[in-house]
């Protein structure tokens, strides 16, 4: 299980994936808003989206897990 | 844990008969090689201390200063020190011999290191420390500590005189970790070099914490989290290559000639992309490296601390053949904000450039200092202030361009005119203001917004007016706070012209 984490204190502005979606490195999972910047949260591994751990508008701290990714073996 | 109980190899004594010299040299070389075979942990270590020094410098250029210096007959001093050249420029090298008491620093070894340091400082040559040492040699007691202190004092004296680079090629504890912290740039080999106050066994005894050498001092920790080291490489060969590249941008000593190369145009594809590269909407991120590609010479660059505080880029590069330090906000990482770590990283870089007369090119697209409890707790005010000081103290040419937005305290901190930039430009679409339009109108029109039937519509209207009337760079240009409003494609030529003027057409 891989966790995509917030890189900065921010609020969850958009969630761009749904549970079960297939994703790969560079795919945008969510967009976080901080300092009036739209900060994309991108996948760093291949896999399927597991649980989405946040809600829209929720404040996340630096390092907080946002989205689970079930890594695809061997990908 | 440093292994200190290995018996010294005392299989031959050094003769004073000149006819025996070749034999003595052969014995010395053989002794070093056979000792090296027993180094623990071997890990990725392949090369002896002497081989490392030879590999760092131009082939055949290494001269060892006191090869026969020895703590006791046959034992060796524990260090290979000498000089050579990189790309034809002289450099002093100190290479710990991990095959002698794990490279632990005893009184004689400290004396040999200090001799090399003294030579480098007095003659004005950069010094490279190849560190692979367990720290102070316990057997030498207070003499070892005194020797280590002497090395530190010379590290500090050297700061105002010559560039110092540290390579971490093995487990470096205590004194062997402190000396690098007093030098300018530290390069670590992944899964081979570690830096810590003290190793895992002593940590366990002192606090009960179970941690591996990598946990407490590995290259990932120090190049990503702590910022103690500035570059992580995969092998010793890469470490030597990075060191030579780094030296290629630096003068040999303070006041020495800057190393100019032939000018190389910027990458033509990047130049073509430059006018439309930056998203007009200031909230959308982009890769600042692509912008730099369209302005700087299309040649070698060296980014330092790429993984630590990545919202700011610090790199050495060339423009018009001049070696320059480049500082740039990176919107692609954490929105390009300044925070405590980014401020420390930036201040250290600017301060270094100032110390060795390197021009500083600053590319600004900054949403501000990151506020909040976490950052205030980290002391962001103190750290941000250091960045201001670094710019003011730096007397080398300082050129700053705002490429999209620059707000508030971060505007001042990013090499503004008020901090003494010699030339300041703003791209035509950029915004410079005390705060972004959204935040500003919320404060300025609080009552109107509260009473409005559709506050978001009114806020957007007011923000648009603010953006046009207050934040546009023409206001700053009319006030003389930026020198000129320019187009992206003019940036390179403006910077080159300013650098030529500020350096009297020479190196700086």
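FYI, it's all coordinate maths here, none of it is from the lab. Remember, it's a predicted structure, so these values are computed and weren't measured experimentally. Backbone-built Cβ (ideal geometry, glycine too); neighbour counts: all protein chains shown.
At-a-glance table
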item	result
Rg/Rg_globular for chain A, with Rg_globular taken as 2.2 N^0.38 Å and Rg from C-alpha atoms	1.01
Global geometry of segment B:12-136, whether rounded, prolate or oblate, following the gyration tensor of its Cα atoms and the 1.5 cut on a/c	rounded
Value at 222 nm in deg cm²/dmol, rounded to 500, when DSSP H runs of n ≥ 4 in chain B each add -39,500 (n - 2.57)	-11000 deg cm²/dmol
Between 0 and 90°, nearest 10: helix B:236-248 axis offset from chain B longest Cα axis	60 degrees
Rel. contact order, % - alpha carbon contacts under 8 angstrom, at least six apart, chain A	42 percent
Chain B, relative contact order in percent, only Cα pairs under 8 angstrom and at least six apart counted	8 percent
Cα Rg, Dmax, chain B, angstrom units	26.2, 102
Longest to shortest principal axis, alpha-carbon extents of segment B:63-121, angstrom	35, 19, 17
Principal axis dimensions, segment B:206-247 - Cα atoms, whole angstrom, descending	42, 18, 15
Sequence of B:188, A:37 once ranked by neighbouring C-beta atoms within 10 Å, starting from the fewest	A:37, B:188
Debye-sum result for segment B:268-502 in log10 I(q)/I(0), which assumes one identical scatterer on each alpha carbon, at q = 0.09, 0.12, 0.14, 0.16 Å⁻¹	-0.36, -0.64, -0.87, -1.12
Computed Rg/Rh of segment B:335-472, alpha carbon atoms with Kirkwood Rh	1.06
Residue exposure sequence - B:132, B:460, B:293 - by fewest surrounding Cβ within 10 Å	B:460, B:293, B:132
Cα centroid separation, segment B:149-215 to segment B:336-374 (Å)	25 Å
0 to 90° range, to nearest 10: angle between helix B:491-502 axis and chain B longest Cα axis	60 degrees
Prolate/oblate/rounded label for segment B:18-248 (Cα gyration tensor, a/c 1.5)	rounded
Residues listed by number, segment B:406-443, amide nitrogen under 13 Å from residue B:469 label point at 7 Å toward C-beta	B:441
Relative contact order [Cα under 8 Å, 6+ residues apart], segment B:18-248, whole percent	15 percent
C-alpha center-to-center spacing [segment B:468-489, chain A] in angstrom	38 Å
Where the Cα pairs of segment B:332-400 fall when distances are cut into 5 Å bins, in %	3, 18, 25, 24, 16, 9, 4, 0
Within 10 Å of each Cβ in B:282-289, the average number of Cβ atoms from other chains	2
Neighbour-count order for B:373, B:85, B:252, fewest beta carbons within 10 angstrom listed first	B:373, B:85, B:252
Chain B: angle of helix B:380-393 to the longest principal axis, Cα-based, in degrees nearest 10	80 degrees
Calculated FRET efficiency for the pair residue B:451/residue B:262, C-beta based, R₀ 51 Å, to 0.05	0.20
Over the protein assembly as shown: Rg over Rh, Cα atoms, Kirkwood Rh	1.03
Of all DSSP beta bridges in segment B:268-502, antiparallel share, percent nearest 5	35 percent
